[in-house]
Every structure is written in structure tokens, then in C-alpha cells.
DNA sequence: TTAATTAATCGTAATATTGCAATATAAAAA
DNA sequence: TTTTTATATTGCAATATTACGATTAATTAA
């Protein structure tokens, strides 16, 4: 095989997996961290910031955008990429559930 | 290529990416959700719970364990898998940074 | 118009992931 | 010991990801 059995899981599970997967690469973590740092961005900056070729970064940006973690708009001469709150809101709920569980958990079997 | 340029990124970026990547599959999200629900687990339960073959689930459990998101100990006849707080603590910090940023962000260029 | 700049897309090689049947391992039960 | 039960490992086919050179597309500057 090689393809995930997407149909076998809930829409929410797939959605979360897509978001997590998009963050599952150090270059994409670096891009998000950079966007947080500069609080606005044009793609050229990222190309200078990261040790990857321009097409590779463009591809990573596309994946982050498809997952809903960043937004990109034309801003004069180049493209402005920013954090997309919506995507992060979705992940937040998942981690809040886990945090809540960890705080009150009693069964410490492992 | 095909391999990530791990060496080009910080240790923290790689660590976060590994954690996120481990969550980047619906089956592994389902496993985590199930562990949260039952608050303790033996692998057999998961095999019955998910629409995947036993070797496939074993593999997903291994990946979650390697990433530090779950722990597994022998519990009599079978193995008890639980949430590993440490891994989730690490991700938590990252999302707290993002949440903090999103709350006070002003530059809404996109 | 032509040249320069910026970013996306195409094509492709190297590598990783997903899923499972078959098999192996290890412990408990008979 | 033999059988059963529970989980891990191996091997492999199908598919996905990563990275980048070459190219394209679109805009700005000259």
C-alpha cells in the first residue's frame, strides 16, 4: 500500500492528522516560527532564512497553506504569508483536551 | 532526495517536527483519543477498536512510542500503553507561544 | 519592449511511509 | 511439554514525501 486508510477514520481525526502532518517537518516548523517572529512575511525572506532551495520552500509553504496553517496574499510586488488562526484554533482544542486529561488523571499504570 | 535535511535545523525544531509527524496520521490520532478515553490500555483493545490489521497497529504504536507520546509497560499477560506526558508537554509550549502571539497580534496583513 | 525580480510549477531521483501476510517471540494456560 | 494468546518483526508492494534544477508566469524597473 502506502496510502492512509482515510475513509476508516472520522473527519475530525483526519483533519487533525492533516494539521499535525503539516507541522511534521523541521523546515515547516522553522517557517511558522519565523512568521511568529516577524509578524508578517514575504516569501523571499524565508528563502534567505532557511537552508533550502526556493522551489523546496515554495512547496513547504504550499503544504502549510493547504493545511490551513498559513495564509498568503499578494502584497504589491511579492506575496505576504501569515499565520492562519483558524488552523491553529483547531489543534488547540485537541491539546486542551489532553492537558485537561493529564491534569486529573489517576490511572498511572505505565 | 527524499530525506529531510535534519542537520540544517535546530534540535528543538527537529524535536517538534518528530512529535507533530507522529500525530500526522488519523490512526495515530485515533489511538491517542482512545487512550484518553479509557485512561489505560492494552494493545488488544486497540486492534479491536481500529479498522487496521494487528501488525499495522503495532507499527503505529511503535512510532508513537519512539516519538515519546505514549509509554508501554508489560502488565501481566499483555502490554499496557498510556499517554506519555513528557511528549505532550513539549508540544504544549509551542502552541502556547502561538496562542499568545495570536491574542496580541496587530499586523493583520493577510 | 526588454531585462530583472519573485514565486510557482514541472519533472524526476532518492528516500520514507503505509498496510498487511507471514512469521517470530514470549508468556500463560492446559 | 504443547497449545493458546498477545504482540513484535520481517519482507514487500503501493504510494507519498523531500529536494532541487529547469522552466514558467507574472510583475516591476529600465
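The table below gives the values:
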quantity	calculated
Inter-copy label distances at residue A:103 (7 Å, Cα→Cβ; nm, one decimal)	1.4
Label-point separation, residue A:8 to residue B:92 (7 Å along Cα→Cβ), nm	3.2
Added length on full extension, which subtracts the Cα-Cα distance from 0.36 nm per residue, residue B:100 to residue B:38	19.2 nm
Test item: B:83-90 mean partner chain Cβ contacts at 10 Å	3
Shielding score for A:63-73, defined as the mean number of other chain Cβ atoms within 10 Å	1
Pairwise label distance in nanometres, residue B:54 with residue A:59, each label 7 Å out on the Cα-Cβ vector	3.9
Across the identical copies, how the residue A:5 labels are spaced - nm, sorted shortest first, 7 Å along Cα→Cβ	3.8
Kirkwood hydrodynamic radius over Cα pairs of the stretch B:13-103, then Stokes diffusion coefficient at 4 °C and 1.567 mPa s, in µm²/s	94
For residue A:37, label point 7 Å along C-beta direction: distances to other copies, nm	4.2
Calculated FRET value between residue B:79 and residue A:66, using beta carbons and R₀ = 22 Å, to 0.05	0.05
Angle in degrees between helix A:54-67 and the longest Cα principal axis of chain A, rounded to the nearest 10	40
Shielding by other protein chains, B:11-23, mean Cβ within 10 Å	6
Rel. contact order, % - alpha carbon contacts under 8 angstrom, at least six apart, the stretch A:10-103	29
On Cα atoms only, tilt of B:85-103 relative to the major axis of chain B in degrees	30
GNM result for chain B, Cα springs below 10 Å: residue of B:100, B:71, B:62 fluctuating most strongly	B:100
Chain B: angle of helix B:11-22 to the longest principal axis, Cα-based, in degrees nearest 10	50
Max mean-square fluctuation residue, GNM over chain A, Cα-Cα springs under 10 Å, options A:27, A:67, A:53	A:53
Equivalent ellipsoid semi-axes - Cα gyration tensor, the protein assembly as shown, angstrom	34, 18, 15
Residue with peak Gaussian network fluctuation, chain A [Cα springs, cutoff 10 Å], from A:52, A:16, A:64	A:52
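A short reminder: the numbers here are calculations on the coordinates, not readings from a lab. These numbers were taken from a predicted model, which means no experiment stands behind them. Don't worry about glycine lacking a Cβ; one is built from the backbone with ideal geometry, like all the others, and counts go over all protein chains shown.
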